[in-house]
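Reading through the structure tokens given below for one structure.
The values are calculated or read from the model by the stated rules, or taken from the named source; none is laboratory data. Because the structure is predicted, anything quoted here is derived from the model rather than measured. Because the Cβ atoms are built from the backbone with ideal geometry, glycine has one as well, and the counts that use them run over all protein chains shown. When the accessible area is computed, the model is the full protein with side chains, heavy atoms only, and any ligands, DNA or RNA have been set aside. Shrake-Rupley method; radii C 1.70, N 1.55, O 1.52, S 1.80 Å.
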Amino acid sequence: LRNTKVKMLPKSIGKLQNLETLDLKQSLVFDIPVEINMLHKLRHLIAYHRNNRIDFSLAWEKGVKIQKGVGCLKNLQKLCIVELNHGGADLIEELGKLRQLRKLGIKNVSKETMMVLCASIEKMNHLQSLDIASIREDEIIDLQSISSPPQCLQRLYIIGRLEKLPDWIPKLQHLAKLTICWSRLNEDPLEVIQNLP
């Protein structure tokens, strides 16, 4: 359904038991029905909309709301972009059950959800791409509490304010792309990343 004007998915989508990819990129779907959790073979859920008529900002890109129960989608490898300001800590905790994720994109991250989010990210051992955007430009994204970052991480995008770069970034031996926007960092990030291969 990429690049369509579709606004809503029918509940009957839950009957597509063999569906592996659901591509809603640049559609107008912003609410994912709970019936999506019945698609146990789903591997890719790509759902976001970029408004190219406005300047690059937090409002430039819109993700989707997912429902509780998403943790049962054990085969999911790509999930982007999820709006984290819906569903509370329980939903964020459930993301940690998605152990096969290779790519995760999340928006509207707040200070209150950071600890739970970091705990969920730590469980994603196969994660190669992580895209995190804060709920507001002045909201601090604190990823310090990730004690064991995903070792396969190749791409890291952080959009929001940072007090400091996470201490674990130098441990990412496979990191090939690092994007930081609106960080307001006081320290020179090269001090942290200069020893990365």
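Summary table below
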{"read-out": "Nearby aspartates and glutamates by direct alpha-carbon distance to Lys11 (threshold 16 angstrom, same-chain neighbours under 8 apart not counted)", "value": "Asp31, Glu35"}
{"read-out": "Percent carbon-and-sulfur accessible area, the chain, ignoring ligands, DNA and RNA, probe 1.4 Å", "value": "49"}
{"read-out": "Surface per residue (accessible, 1.4 Å probe) for the range 45-130, Å²", "value": "44"}
{"read-out": "For the range 1-108: rounded, prolate or oblate by the Cα gyration tensor [a/c cutoff 1.5]", "value": "oblate"}
{"read-out": "Simple spin-label estimate for Asp138 and Lys123 in nanometres, 7 Å along Cα-Cβ", "value": "3.5"}
{"read-out": "Point-charge dipole on Cβ atoms (K/R +1, D/E -1) for the chain, about Cα centre, debye to 20", "value": "1060"}
{"read-out": "Surface accessible to a 1.4 Å probe, Asp90 within the full protein complex, Å²", "value": "90"}
{"read-out": "Spin-label model distance (nm) - Gln151 vs Asn195, 7 Å beyond Cα toward Cβ", "value": "1.8"}
{"read-out": "Count of lysine pairs in the range 16-78 with Cα separation under 18 Å (8 or more residues apart, or interchain)", "value": "9"}
{"read-out": "Listed residue (Phe56, Ile13, Ile81) projecting farthest to the positive dipole end of the chain, Cβ model", "value": "Ile13"}
{"read-out": "Cys181 - accessible surface, heavy atoms, 1.4 Å probe, Å² rounded to 10", "value": "30"}
{"read-out": "Long-range amide H partners of Val64 with built H, under 5 Å", "value": "Ile81, Val82, Glu83"}
{"read-out": "Distance (nanometres) between label positions extended 7 Å along Cα→Cβ at Met8 and Glu112", "value": "2.9"}
{"read-out": "Integer Hz, Karplus 6.51/-1.76/1.60 couplings in order for the range 83-98, x for Gly and Pro", "value": "7, 7, 8, 10, x, x, 5, 4, 5, 5, 4, 4, 4, x, 7, 8"}
{"read-out": "Residue-averaged 222 nm ellipticity for the chain, from DSSP H runs of 4+ at -39500 (n - 2.57), nearest 500", "value": "-2500 deg cm²/dmol"}
